[in-house]
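A quick write-up on the structure given underneath.
The values are calculated or read from the model by the stated rules, or taken from the named source; none is laboratory data. These numbers come from a predicted model, not from an experiment. Reconstructed Cβ throughout: ideal geometry from the backbone, glycine too, with neighbour counts over all protein chains shown. Ligands, DNA and RNA are excluded from the accessible area calculation, which covers all protein heavy atoms including side chains. Shrake-Rupley method; radii C 1.70, N 1.55, O 1.52, S 1.80 Å.
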Amino acid sequence: MKREPKLSSLIDKAVFDYKLLQKGDRILVGASGGKDSTSLIEYFAERSRRPDCDFEYKALFIKSDFSPDFPENLSQLFTQWNVPFEKLEVNVLERVKPGQKMSCYWCATQRRTELINYAIKNGFNKIALGHHLDDILETLIMNMTEKGELSTMSPLLKYDKYPVTIIRPLYYVAEDSIKAHSVEKGFAGFTCTCSYQDNSARKLARQKLEFLTDGEVAKKYHLLQAIKNVQPQYLP
């Protein structure tokens with residue numbers, strides 16, 4: 001019997017551990033055109049062909065007024081995978097208030113808002129995002145050093161204000177694994193190239209993470225485990 005790729009096995013583990021997929025789910029998958037979301041969409045395409053599949057999904061690309069269009073080769077790949085796919089154009093620049101600076105964070109929040117609005121309007125109860133293990137740990141480091149709090153992105157987040165839940169099935173997958181997978185599958189290389197990029201804090205957190213772990217995935221898993229293995233008696 002042919003074994004599943006390691007990437008799929010890790011995603012399956014996160015889905016099982018955190019009960020990310022339930023019977024009857026309608027899932028909206030954020031498609032950025034990058035390796036992370038494409039790997040996630042490939043997983044949903046493969047899983048939807050399993051005999052026990054009992055959910056629906058759709059990929060949605062939010063195109064801002066200054067971002068490049070969705071890569072044509074990925075559109076063709078989605079067609080081959082039979083992925084339900086839609087593009088939605090959004091004017092982000094006109095939402096920037098006077099005196100407010102345009103940034104990656106602002107753009108991301110606007111695209112997230114559009115995903116939520118689309119999900120609510122079209123009856124999706126979950127939104128799947130392509131954040132991976134390194135994203136989780138970088139956010140942990142950023143929140144500790146910049147905010148003084150122990151927090152990060154959760155694999156499953158139920159909104160209080162909206163009838164949708166955020167899921168992150170790539171929670172256990174290291175970025176290097178996704179890079180290798182995307183090269184092997186032929187969809188590596190697309191990244192955001194807009195002129196408003198300002199993610200120096202995340203780049204610094206990425207450097208700190210690599211320093212702490214020597215780039216070893218096993219040590220990254222130890223950091224992730226530490227969040228859940230809190231020893232209150234040894235803390236203030």
Worksheet, complete the sentence: With R₀ set to 22 angstrom, the calculated FRET efficiency between the beta-carbons of Val96 and Leu204, to the nearest 0.05, is 0.30
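At a 1.4 Å probe radius, carbon and sulfur cover how many percent of the accessible area of the chain?
Carbon and sulfur together cover 52 percent of it.
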Discussion item. For Ser64, what residues show an amide H to amide H distance below 5 Å, using hydrogens built from the backbone and excluding near sequence neighbours?
Written reply: Val90
Discussion item. Going Cα to Cα from Lys161, which lysines come in below 27 Å? Please leave out same-chain ones fewer than 8 positions away.
Written reply: Lys19, Lys23, Lys58, Lys63, Lys87, Lys97, Lys101, Lys121, Lys126, Lys147, Lys228
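Let me spell out the model: positive unit charges on the Cβ of Lys and Arg, negative unit charges on the Cβ of Asp and Glu, origin at the Cα centre of the range 1-55. What dipole size does that give, in debye rounded to 20?
Here the range 1-55 has a charge dipole of around 120 debye.
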Discussion item. Give the residue list of chymotrypsin sites (Phe, Trp or Tyr not before Pro) in the range 108-162 that are DSSP loop and have at most 10 other beta-carbon atoms within 10 angstrom.
Written reply: none
Fill in: Simple Cβ-charge dipole of the range 1-132, Lys/Arg +1 and Asp/Glu -1, about Cα centre, in debye nearest 20
320 debye
Discussion item. If R₀ is 45 angstrom, what is the calculated FRET efficiency for the pair Glu56 and Gln233, using the beta carbon separation as r and rounding to 0.05?
Written reply: 0.45
Practice prompt. Return one quarter of the surface area of the convex hull spanned by the alpha-carbon atoms of the range 68-159, equal to its mean projected area, in nm².
Written response: 8.6 nm²
Worksheet item: Among the GluC sites (Glu not before Pro) within the range 131-187, which fall in a DSSP loop and have no more than 15 other Cβ atoms within 10 Å of their own Cβ?
Response: Glu149
Worksheet item: What is the calculated FRET efficiency for Gln225 to Phe66, with r their C-beta to C-beta distance and R₀ = 30 Å, to the nearest 0.05?
Response: 0.15
Item to complete: Kindly report the accessible area of the chain per residue (heavy atoms of protein chains, probe 1.4 Å, no ligands, DNA or RNA), in Å².
Response: 57 Å²
Discussion item. Which trypsin sites (Lys or Arg not before Pro) in the range 69-135 sit in a loop by DSSP (not H, G, I, E or B) and have at most 15 other Cβ atoms within 10 Å of their own Cβ?
Written reply: Lys101
